[in-house]
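The values are calculated or read from the model by the stated rules, or taken from the named source; none is laboratory data. For clarity, every value in this text was computed on a predicted model and none was experimentally measured. Cβ coordinates were reconstructed from backbone atoms using ideal geometry, including for glycine residues, and neighbour counts include every protein chain displayed.
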Ligand code: 2PG
Ligand code: MG
């Protein structure tokens with residue numbers, strides 16, 4: 001493969017914050033890729049390069065400068081070969097020299113080019129690259145947004161409706177359930193606040209963000225939706241880094257919890273509601289508390305996100321500690337498609353589930369949908385249905401379902 005042109009531009013994500021979009025040209029093929037951006041980040045994530053004013057000027061200059069010089073300088077035989085060269089060119093552990101956003105934008109675009117050159121759909125090229133059996137992931141839909149994504153109107157960051165099975169059917173169920181939740185919330189909020197202003201605020205990820213003083217209320221609402229549809233369940237991303245207080249514990253709706261008390265709270269919720277998984281139940285520094293919860297969670301999956309940050313070394317440490325039973329996979333936490341694939345392989349080797357995820361700041365790029373299907377992920381987390389950029393990921397999976405029947 002000979003790449004003849006490499007360019008980048010600044011685009012705005014769903015939070016209207018700058019991010020980077022890359023364009024690559026090889027012969028008659030033109031591909032684009034844009035990179036998402038997180039808000040609740042783990043401290044070990046690869047570095048997203050931003051200028052002092054928040055812009056992408058330096059990241060773009062790196063793509064069009066050093067990176068372009070390297071990748072237009074010769075012929076390449078695989079996407080892996082280019083990713084390896086990009087990682088070496090950067091030379092840092094956290095991609096802080098060139099920026100994980102600059103490198104990942106190129107890495108995703110390169111994967112697209114090689115798929116197109118081979119004449120296969122993107123998900124199939126990813127499956128072949130990593131030796132995976134492609135399969136439809138469960139949909140993890142963030143129906144109610146809280147935590148940092150919604151000014152802490154709800155304590156946990158994500159209240160998720162999980163639906164498995166054939167994607168087209170799962171997506172139809174999700175649409176129905178999301179609309180129903182909207183109707184229910186309108187009536188509940190009206191009676192709660194005795195007001196006629198029943199507009200429901202939305203959070204960063206296209207889910208509703210109501211305010212409830214009762215911790216269990218969102219779970220009661222989700223459980224009512226689950227009761228209507230078999231094969232559905234509840235998940236949360238507690239994103240507990242953001243719940244830490246300064247006395248060594250956590251604070252939820254004004255109440256302090258020690259780590260043991262928080263664990264007891266989760267145990268009670270698991271008992272009472274149809275839970276499928278809990279992500280980041282404790283802060284990223286509390287591997288031991290993760291392990292204790294995992295040991296007593298039974299069938300409920302405990303997911304590492306800020307804990308593991310899609311980083312092979314962090315996944316290895318979590319494995320030794322038996323801290324979790326699933327890893328959230330976010331390509332921009334590590335900064336290349338090659339390493340994201342390795343993180344999935346490592347997760348599988350531990351006997352754990354891989355759940356692929358968007359970020360709270362998204363673009364219209366649907367790469368994560370092809371990635372989740374290509375690696376045969378346990379699930380994909382792509383937000384609520386109140387934002388186009390979230391729906392597009394699920395809709396891409398419905399398209400893939402049809403492609404997979406045809407190829
Ligand atoms: C998370 C993500 C995505 P952010 O914590 O799992 O839902 O949020 O992109 O802000 O890290
Ligand atoms: Mg998370």
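Looking at segment 326-350 only, could you name the residues that are under 17 Å from the mean Cα position of the chain (by Cα) and part of a loop (DSSP other than H, G, I, E, B)?
Within segment 326-350, 330, 335, 336 meet the criteria.
Give the residue that is nearest to ligand 2 (Cβ to nearest atom), with candidates limited to residues of segment 295-316 that are on the phi < 0 side of the Ramachandran plot and in contact with a strand residue (DSSP E or B) (Cβ under 7 Å, 6 or more places away or on another chain). Explain how you work it out, then say what you get.
First pass over segment 295-316, keeping only residues on the phi < 0 side of the Ramachandran plot: 295-297, 299-308, 311-316.
Then keep just the ones that are in contact with a strand residue (DSSP E or B) (Cβ under 7 Å, 6 or more places away or on another chain); that gives 300-305, 308, 315.
Details: 300: 16, 301: 14, 302: 13, 303: 8, 304: 9, 305: 3, 308: 10, 315: 15 Å.
Within segment 295-316, the match that is nearest to ligand 2 (Cβ to nearest atom) is 305.
Could you say whether any residue in segment 361-381 is closer than 21 Å to residue 94 by Cα, buried (at least 24 other Cβ atoms within 10 Å of the Cβ) and away from ligand 1 (no atom under 14 Å from the Cβ)?
no
Could you list all residues from segment 16-47 that are closer than 19 Å to residue 204 by Cβ and either out of contact with any strand residue (DSSP E or B) (no Cβ under 6 Å at 6 or more places or on another chain) or within 16 Å of ligand 2 (Cβ to nearest atom) (or both)?
16, 36, 37, 38, 39, 40, 41, 42, 45
Residue by residue, here is whether (1) touching a helix residue (DSSP H, G or I) at 6+ places or on another chain (Cβ under 7 Å); (2) in a helix (DSSP H, G or I) holds:
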{"position": "75", "(1), (2)": "no, no"}
{"position": "82", "(1), (2)": "yes, yes"}
{"position": "87", "(1), (2)": "no, yes"}
{"position": "96", "(1), (2)": "no, no"}
{"position": "114", "(1), (2)": "yes, yes"}
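Filter segment 125-143 for residues that are touching a helix residue (DSSP H, G or I) at 6+ places or on another chain (Cβ under 7 Å) and part of a helix (DSSP H, G or I) and give the result.
Across segment 125-143, the qualifying residues are 125, 126, 127, 129, 130.
Could you please let me know if residue 106 is surrounded by 16 or more Cβ atoms within 10 Å (Cβ to Cβ) and not in a helix (DSSP H, G or I)?
Working: surrounded by 16 or more Cβ atoms within 10 Å (Cβ to Cβ): yes; not in a helix (DSSP H, G or I): no.
Against the criterion (surrounded by 16 or more Cβ atoms within 10 Å (Cβ to Cβ) and not in a helix (DSSP H, G or I)), residue 106 does not qualify.
Quick one: residue 231 ticks every box in (1) away from ligand 2 (no atom under 16 Å from the Cβ); (2) without any contact (Cβ under 8 Å) to a residue 60 or more places away in the chain; (3) surrounded by fewer than 19 Cβ atoms within 10 Å (Cβ to Cβ) except a single one, so which number is it?
(2)
Evaluate the following for residue 205: is it under 23 Å from the mean Cα position of the chain (by Cα), at pLDDT 95 or above and either at negative phi or not assigned by TED's automatic domain parsing to the domain that holds residue 306 (or both)? Can you show your working first?
Numbers: under 23 Å from the mean Cα position of the chain (by Cα): yes; at pLDDT 95 or above: yes; either at negative phi or not assigned by TED's automatic domain parsing to the domain that holds residue 306 (or both): yes.
When the stated conditions are applied, residue 205 passes them.
Scan segment 348-360 and report the pairs whose first residue is at pLDDT below 95 and whose second residue is in a strand (DSSP E or B) and more than 16 Å from ligand 1 (Cβ to nearest atom), with Cβ atoms within less than 9 Å and a gap of 6+ or a chain change.
Close Cβ pairs (under 9 Å, with a partner that is in a strand (DSSP E or B) and more than 16 Å from ligand 1 (Cβ to nearest atom)) do not exist here.
Out of the residues in segment 241-265 meeting the condition of being in contact (Cβ under 8 Å) with a residue 60 or more places away in the chain and under 25 Å from the mean Cα position of the chain (by Cα), tell me which one is farthest from ligand 1 (Cβ to nearest atom). Steps first, please.
Within segment 241-265, the first condition is being in contact (Cβ under 8 Å) with a residue 60 or more places away in the chain, and the residues that meet it are 241-243, 252-253.
Pick out the ones that are also under 25 Å from the mean Cα position of the chain (by Cα) and you get 241-243, 252.
Numbers: 241: 9, 242: 9, 243: 13, 252: 17 Å.
Looking at the filtered set, the residue picked out is 252.
Please pick out the residue among 14, 72 that is surrounded by fewer than 18 Cβ atoms within 10 Å (Cβ to Cβ), modelled with pLDDT of 95 or more and farther than 24 Å from residue 284 by Cβ. Break it down stepwise before answering.
On the way: 14 fails: surrounded by fewer than 18 Cβ atoms within 10 Å (Cβ to Cβ).
Selected residue: 72, the only one of 14, 72 that is surrounded by fewer than 18 Cβ atoms within 10 Å (Cβ to Cβ), modelled with pLDDT of 95 or more and farther than 24 Å from residue 284 by Cβ.
Given the condition buried (at least 23 other Cβ atoms within 10 Å of the Cβ), within 16 Å of ligand 1 (Cβ to nearest atom), in the same structural domain as residue 341 (by TED's automatic domain parsing) and closer than 24 Å to residue 215 by Cα, answer yes or no: does some residue in segment 310-319 qualify?
No, there is no match, as no residue in segment 310-319 is buried (at least 23 other Cβ atoms within 10 Å of the Cβ), within 16 Å of ligand 1 (Cβ to nearest atom), in the same structural domain as residue 341 (by TED's automatic domain parsing) and closer than 24 Å to residue 215 by Cα.
In the list 49, 70, which residue meets the criterion of being within 15 Å of residue 95 (Cα to Cα), free of Cβ contacts under 8 Å to residues at least 60 places away in the same chain, away from ligand 1 (no atom under 16 Å from the Cβ) and not assigned by TED's automatic domain parsing to the domain that holds residue 285?
On the way: 70 fails: within 15 Å of residue 95 (Cα to Cα).
Of the residues listed, the single one that is within 15 Å of residue 95 (Cα to Cα), free of Cβ contacts under 8 Å to residues at least 60 places away in the same chain, away from ligand 1 (no atom under 16 Å from the Cβ) and not assigned by TED's automatic domain parsing to the domain that holds residue 285 is 49.
Go through segment 192-275 and tell me which strands (runs of 3 or more DSSP E), entirely inside it, have 3 or more residues that are farther than 21 Å from residue 379 by Cα. Let's see the steps before the verdict.
Details: elements: 232-237, 250-252, 255-257.
Because the criterion is at least 3 residues that are farther than 21 Å from residue 379 by Cα, the strands (runs of 3 or more DSSP E) in segment 192-275 that meet it are 250-252, 255-257.
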